[in-house]
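Remarks on the structure that follows.
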Amino acid sequence: MARASDAEVWPVLRDTLAEMRLLGAHFLRRYHLSVGQAFTMHRILDSGGLRLSALADGLGISRPAASALVTSLEARGWARRDRSPVDGRGVVVRLTPRGLDLLATFDRKFESIVRSNVARRSRRNCESRR
């Protein structure tokens, strides 16, 4: 398989990023989700669950600010606080099935954009070789 040149890759990447930015803005508006909430949900997802203090440290915000973010996610049914299984005192933040579904929908749409742009590039390459 031939390797794509920078001249071929950059326009595809630029188009993909532009479409993802538009989709992201649409998705956030549709679900009334802030960028901070979306970022926080992905952070929780990537960790499989975080202590509230670790979430605050990872986001670079105060613990009260992290707590407020989690409260807003809980109010929407996207996250929950559980007692730490390790010591029973700390709080671990996890996504709910509803929160996981929301992120899965978002990720599927992003993946679709990437696949579409890569396929379009492949078709153009095939046509230009003829």
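Please treat every number below as a calculation from the coordinates, not as lab data. From a predicted model like this one, the values you see are computed outputs, not experimental measurements. Glycine also receives a Cβ, built like all others from the backbone with ideal geometry; neighbour counts cover every protein chain displayed.
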### Query
Under the rule of -39500 (n - 2.57) per DSSP H run of 4 or more residues, summed and divided by the residues of the chain, what mean residue ellipticity at 222 nm is obtained, to the nearest 500 deg cm²/dmol?
-24000 deg cm²/dmol
### Query
Taking H as built 1.01 Å from N, whose amide H comes closer than 5 Å to the amide H of Ala79, not counting residues under 5 places away?
Glu74, Thr96
#### Entry: Test item: Cα-centred dipole of the chain, Lys/Arg +1 and Asp/Glu -1 on Cβ, debye
320 debye
### Message
Going by Cα centres, the stretch 55-91 and the stretch 20-41 are how many Å apart?
### Response
19 Å
### Message
With every atom except the alpha carbons ignored, what do you get for Rg and Dmax of the chain, in angstroms?
### Response
19.4, 67
### Query
Which helices count as membrane-span-like in the chain under these terms: full DSSP H, at least 30 Å along the axis by C-alpha, Kyte-Doolittle mean of -1.0 or more?
6-30, 97-129
